[in-house]
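The values are calculated or read from the model by the stated rules, or taken from the named source; none is laboratory data. This structure is a prediction, so every number in the text was calculated from the model and none was measured. As a convention, Cβ positions derive from the backbone with ideal geometry for all residues, glycine included, and neighbour counts pool all protein chains shown.
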């Protein structure tokens, strides 16, 4: 489990929105569009309130799975689509690179749909969310 610190912005039910500063591990990612602060939704079993600095932990396996689905899966699916386009070219009586490009595009778009479905499903899973383990101050 990896631990991070952040400041609670709001509390709703058993969840808290925690503002976390970016660090060297996410500095080169670019997924957050250059934002200096990232807001995560964490399970709030310790009763943290807005304005408090907290320590929360998350499973690194969840981060790795998410990174694979978001970054690697679309590339793999695009490659699979290109290969399928190659084998479909004679059936479609197409020549040139058009079957490769269309196959790659269709499968890449399918991968984006899968990423969106993964995101919705992961957002609903309580065990996938970070957990606040300690109130540091505030």
message: What's the total number of residues in the range 40-75 that are more than 30 Å from residue 112 (Cα to Cα) and exposed (fewer than 12 other Cβ atoms within 10 Å of the Cβ)?
response: 3
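Could you tell me which residue of the range 121-138 is modelled with the lowest pLDDT, considering only residues that are loosely packed, with under 10 Cβ neighbours inside 10 Å and touching a strand residue (DSSP E or B) at 6+ places or on another chain (Cβ under 8 Å)?
Looking at residues that are loosely packed, with under 10 Cβ neighbours inside 10 Å and touching a strand residue (DSSP E or B) at 6+ places or on another chain (Cβ under 8 Å), I get 126.
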message: If the requirement is being at pLDDT below 95 and either assigned to a loop (DSSP other than H, G, I, E, B) or over 25 Å from residue 5 (Cα atoms) (or both), which of these qualifies: 118, 107?
response: 118
task: Return yes or no: is residue 41 in a helix (DSSP H, G or I) and within 25 Å of residue 3 (Cβ to Cβ)?
output: no
